[in-house]
Amino acid sequence: MTRATSIVFHSNRQPATIGVMALIAFLMDIEEGHLFPSFELSAALRSRGHRVVYLGVYDNRDFVERQGFEFYPLFGEAYPQGYRETYGAAKSRDADSSVRSKPHLEGILGGAFDGLLRGLRPDLFVVSLFLSLEALLLYYALGIQPVIFTPFLREAASTVAMHCLNSLINLNGDEVLKIVEFLRGLGIPVTSMEAMVRPLNGFCELIACPEELEIEQVPRRDNVHYLGPSVRKAEGLSQRWHPPVPGDGRRIIYASLGSQSAAYGVIGRSLLAKVVSVMERPAMREMHLLLAGGAGGRQPEQMDAPGNVTFLEWAPQTEILRIASLAIIHGGLGTIKECIHAGVPMVVVPFKYDQPLNARRVAYHNLGITLAADGITEEGLLAGMVHALNDEHIRAGIDSMRQVFRRRDELSIGPDVIEKCLRGKGR
């Protein structure tokens, strides 16, 4: 098969035109923080009459179906129900390892997508950036040019192709060799990995964040579009969730290290212990801490908590932020956006991934303060919390960015771009 240059769908019907309901398939990776930002776009597409379905691992099913979308599990043998917990533990153990494996690649190379496409017949694929290699294989093997959904802000010089190249470099050698042999079997010459991933830079890309949160000048690309905040809604929890806090008017502090807190090891546990200890200080007597994290969200063993601390086994974060006065977070973009959306100043303690760059964004836009995880003291943490709670410049920064988010929320950039792609003009 020769390289495709346009969107080709293996179905018995013609791609939908605008005014006719299209079938749009979202292919998403396992991370909750990458899945949740897609729901606002999906809901907007559904409101325009399009049918939206999700493809992914079994552990995504509950999240997707709770939003009212159809879900089709993929690669159940490689990623059975409960894999996310196993995966998180493995990431914690192998934190220093750069080599990764993709057990489902062999299935894709063996034609696993063919039957799905024949049965589902989507008009358009939206694929997570973290599955950019899978998007590349869809393009080469089946002639499908998907839309790339990027749930975070990259460094200014980064591209989708560079992200995919890093994924290839971090794969084990046998898997890379199988990909190269597969492409050569299709008649596609592989002169270098850089040339192999280059087509990805021509795909339409949707970045799930307003551009105003950037701090560097990002090169303009006609096929790259910034969306609105892409913040998940509260899912109607207000009627059935009651904050486990005393009704004495205390201000709420929310602390969370996200869904991958186990990957931060001793430093992460130490930070949580310091947050709890700080709540005993006189300056925190009129505050109440809701802490999500530790051992599965339960109170860690051998950690005594004062009466103004509540450990949460399950944290409805968007609901908590509606009543919070401060958030202590690790710097994931999803949580930062939710804090801005709720008007909550932040103390950001970044660990890895995109978190240090996100922390710089928080400081640059006066949305809170940042502290280094390594070497943080209780005194430094307390000073940072008091500063973020009371500083007028931070309050003004949060209010200003919140207004930007509200204005962006009113636009319909994502659905407009998707419908342009359905017309075949949105490369």
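Of Val362, Val417, Val344, which residue is assigned by TED's automatic domain parsing to the domain that holds Pro151 and touching a strand residue (DSSP E or B) at 6+ places or on another chain (Cβ under 6 Å)? That would be Val417, the only listed residue that is assigned by TED's automatic domain parsing to the domain that holds Pro151 and touching a strand residue (DSSP E or B) at 6+ places or on another chain (Cβ under 6 Å).
Conditions tested, residue by residue: (1) hydrophobic (A, V, I, L, M, F, W, C); (2) over 21 Å from Gly111 (Cα atoms); (3) surrounded by 14 or more Cβ atoms within 10 Å (Cβ to Cβ).
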site: Leu142; (1), (2), (3): yes, no, yes
site: Ala156; (1), (2), (3): yes, yes, no
site: Leu171; (1), (2), (3): yes, no, yes
site: Phe182; (1), (2), (3): yes, no, yes
site: Gly185; (1), (2), (3): no, no, no
site: Val197; (1), (2), (3): yes, no, yes
site: Cys204; (1), (2), (3): yes, yes, yes
site: Glu214; (1), (2), (3): no, yes, yes
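Among the numbered criteria (1) within 15 Å of the chain's Cα centre (by Cα); (2) buried (at least 19 other Cβ atoms within 10 Å of the Cβ); (3) assigned to a helix (DSSP H, G or I), which single criterion is violated by Gly33? So Gly33 meets the others, but not (2).
Could we say that Arg221 is farther than 25 Å from His104 by Cβ and in a loop (DSSP other than H, G, I, E, B) here?
The answer is yes for Arg221.
Quick check on Val386: is it assigned by TED's automatic domain parsing to the domain that holds Val52, surrounded by fewer than 23 Cβ atoms within 10 Å (Cβ to Cβ), at pLDDT 95 or above and not charged (D, E, K, R)? So Val386 does not fit the description; no. Is there a residue in segment 89-102 that is at pLDDT 95 or above and farther than 22 Å from Cys164 by Cα? Scanning segment 89-102, I find no residue that is at pLDDT 95 or above and farther than 22 Å from Cys164 by Cα, so the answer is no.
Gly110 falls short on exactly one of the conditions (1) surrounded by fewer than 17 Cβ atoms within 10 Å (Cβ to Cβ); (2) within 20 Å of Pro189 (Cα to Cα); (3) touching a His at 6+ places or on another chain (Cβ under 7 Å), and that condition is (3). Take the conditions (1) without any contact (Cβ under 8 Å) to a residue 60 or more places away in the chain; (2) at positive phi; Gly143 misses just one of them, which is (1).
When the test is whether a residue is more than 29 Å from the chain's Cα centre (by Cα), hydroxyl-bearing (Ser, Thr, Tyr) and at pLDDT 90 or above, Ser277 passes it. Go through the residues of segment 176-193 one by one and say whether even a single one is touching a residue at least 24 places away in the same chain (Cβ under 8 Å) and among the small types (Gly, Ala, Ser). Yes, that holds for at least one residue.
What helices (runs of 4 or more DSSP H) lie completely within segment 313-381 and have 3 or more residues being at pLDDT 95 or above and farther than 19 Å from Lys274 by Cβ? Let's see the steps before the verdict.
Details: elements: 317-321, 333-342, 355-364.
Output list reads 333-342, 355-364.
The C-beta contact set for segment 60-74 (first residue closer than 19 Å to Tyr87 by Cα, second residue hydroxyl-bearing (Ser, Thr, Tyr), distance under 7 angstrom, 6+ apart or interchain) comprises Asn60/Tyr54; Pro73/Tyr58.
Of the residues Met287, Met196, only one is in contact with a Lys or Arg (Cβ under 9 Å, 6 or more places away or on another chain), aliphatic (A, V, I, L, M) and at pLDDT 95 or above; which?
Details: Met196 fails: in contact with a Lys or Arg (Cβ under 9 Å, 6 or more places away or on another chain).
It is Met287.
Suppose the filter is at pLDDT 95 or above and more than 30 Å from Val417 (Cβ to Cβ); does Ile252 pass it? In short, yes. Whenever a residue of segment 111-124 is under 17 Å from Leu23 (Cα atoms), its partners that are modelled with pLDDT under 90 and of a type outside the set (S, T, N, Q), lying with C-beta atoms within less than 6 angstrom and at least six residues away or across chains, give the pairs Leu117/His10; Asp123/Pro15; Asp123/Ala16.
The values are calculated or read from the model by the stated rules, or taken from the named source; none is laboratory data. Since the model is a prediction, treat every value here as computed from it, not as a measurement. Note: ideal-geometry Cβ built from the backbone for every residue, glycine included; neighbour counts use all protein chains shown.
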